[in-house]
2 protein chains.
Amino acid sequence: MNTPTDAQNPAPAPAAAKSRKGPTRSEVSKSAILEAAREEMAENGWRGFSVDSVAKRASASKQTIYRWWPSIGAMCVDAALALIPDAPEGGRDPQERITALIIPLEAAARTGHGHAVLRVALLAAADDKDAGEVWRAWVGRDIRQPLRMILAELAAKRVIRRDFELDDVIEQLLGPIFHRLTIMRAPVKDGFCADQSAAFLRTYGAI
Amino acid sequence: MNTPTDAQNPAPAPAAAKSRKGPTRSEVSKSAILEAAREEMAENGWRGFSVDSVAKRASASKQTIYRWWPSIGAMCVDAALALIPDAPEGGRDPQERITALIIPLEAAARTGHGHAVLRVALLAAADDKDAGEVWRAWVGRDIRQPLRMILAELAAKRVIRRDFELDDVIEQLLGPIFHRLTIMRAPVKDGFCADQSAAFLRTYGAI
DNA sequence: GGGGCGATACTGACCGTTCCGTTCTAAGTG
DNA sequence: CACTTAGAACGGAACGGTCAGTATCGCCCC
């Protein structure tokens, strides 16, 4: 499982405590809240999502939620990111290496629960400022940065052309699966991500 | 401008009135509501959007809004669809014909106002059942159906391969621009849609 | 005279915040 | 090593304000 960025806790992050007095924040409360949040997200969508319901379902206080996250949107994104497994090793084949980057998203989206949770998290990221920053930070760290390394290497080996825009490639890789998750609400087929990276290589392949 | 599906009015559509007595529904009220809705969407996003604000800004009654649309989500989608211009004639070049289908979306998204409105409409379509149906109905009529004709013709002429899935092509064409609009909140470059159709032709072009 | 209209009001739910009383823990004292 | 104490996190409850969706007014126009 992923350990996301902890969404910039409003308080100065519990780990960074120096000379604190009271008890540390309860990780068990946090994970109970995240689990309850995922269930509420899947059941009620983004606009119908309520903090009160999450608190009640997790037997937690709303104040505890706001201690951990600056906004409900950030919590939603964190809850979804926890469903995304770590990326597998990429091997040597160019398509395999690119696919490996986005296959965790496909894996999370291919369960009924993950599909709904990820959909709401994407809505939160698009609608809520804090949530958007958390999500884009994750994309930057887990997708954009490794992708840049791979593409630079492929371009150096003349496997792909050099005239690509990194952000455009990200749109081409992530856009289709997100569109299917959110707008179409259609299931994600096995191999969907592999198809996207194959399409990219056909688009930008040398020659 | 587009004249959307009128979102399946809860009441049997004012035009279809037969032997009515009272006055017809006021189109001026309707367009004032849609204009107010666009402004509220751009300012407050999807979760922060409120019917009361729209009614107040349009000097209309909430009851009037619910007479025209079954849900606020459907109204949001209608408001955004009105910003999408009609598709231009496609010419003969395959890429040009495909680009012509999606260029209206790009055109609407390239203004600051349209960018924000379209973003919220997409969130509504993904989060609200009614809104999603209105949106997908528009996609089916203005994108999917003409695209199917074009692709069938191109496949017959051996310009593209035959082993494509129509829905996958739609994801590839629409996904990137929607991702940029919603998640990235980044401006849409001139020629973005042309690049997508070029990428499609490179992906499925017959060897 | 019936139906669309603006205006108002109402119910139930929710948001974000604030206040409790309790519990737990690190720092300080002897 | 006890033992105290200050401070923080906790569940729970309550708050003022907002909102969705419905209902009910008169008004006015077809």
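The values are calculated or read from the model by the stated rules, or taken from the named source; none is laboratory data. Predicted, not measured: the structure shown is a model, and the values here were computed from it. Note: ideal-geometry Cβ built from the backbone for every residue, glycine included; neighbour counts use all protein chains shown. These area figures cover heavy atoms from the full protein model, side chains too; ligands, DNA and RNA do not enter into them. Shrake-Rupley method; radii C 1.70, N 1.55, O 1.52, S 1.80 Å.
Here are the numbers:
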read-out	value
Hey, A:Val28 of a type in the set (Val, Ile, Thr) and either touching a strand residue (DSSP E or B) at 6+ places or on another chain (Cβ under 6 Å) or near DNA strand C (Cβ under 9 Å from one of its atoms) (or both) or not	no
Residue in the range B:168-184 that is touching a Gly at 6+ places or on another chain (Cβ under 6 Å) and more than 14 Å from every other protein chain (Cβ to nearest Cβ) present	no
Test set (1) open to solvent by less than 20 Å² (accessible area, probe 1.4 Å); (2) assigned by TED's automatic domain parsing to the domain that holds B:Ala194; (3) not hydroxyl-bearing (Ser, Thr, Tyr) - B:Val77 fails condition number	(2)
Any hit, the range B:137-147, residues being under 12 Å from the mean Cα position of the chain (by Cα) and within 10 Å of another protein chain (Cβ to nearest Cβ)	yes
Positions within the range B:26-50 being within 14 Å of another protein chain (Cβ to nearest Cβ) and open to solvent by 20 Å² or more (accessible area, probe 1.4 Å), in sequence order	B:Ala42, B:Glu43, B:Asn44, B:Arg47, B:Gly48, B:Ser50
Filtered residues of the range B:60-85 (kept if modelled with pLDDT of 95 or more and in a loop (DSSP other than H, G, I, E, B))	B:Ala82, B:Leu83, B:Ile84, B:Pro85
Enumeration of residues in the range B:192-207 that are more than 10 Å from chain A (Cβ to nearest Cβ) and over 19 Å from the mean Cα position of the chain (by Cα)	B:Ala206, B:Ile207
Test: residue in the range A:157-166 that is at the interface with chain B (Cβ under 7 Å from one of its Cβ atoms) and assigned to a helix (DSSP H, G or I)	no
Residues within the range B:66-81 that are more than 7 Å from DNA strand C (Cβ to nearest atom) and farther than 13 Å from B:Ser31 by Cβ, tallied	11
Number of positions in the range B:152-183 that are crowded, with 17+ Cβ neighbours inside 10 Å and more than 19 Å from the chain's Cα centre (by Cα)	2
Helices (runs of 4 or more DSSP H) lying entirely in the range A:90-147 (those with 2 or more residues that are open to solvent by 10 Å² or more (accessible area, probe 1.4 Å) and among the basic types (Lys, Arg))	A:129-139
Selection count, the range A:34-49, where residues are of a type in the set (D, E, K, R) and within 13 Å of DNA strand D (Cβ to nearest atom)	2
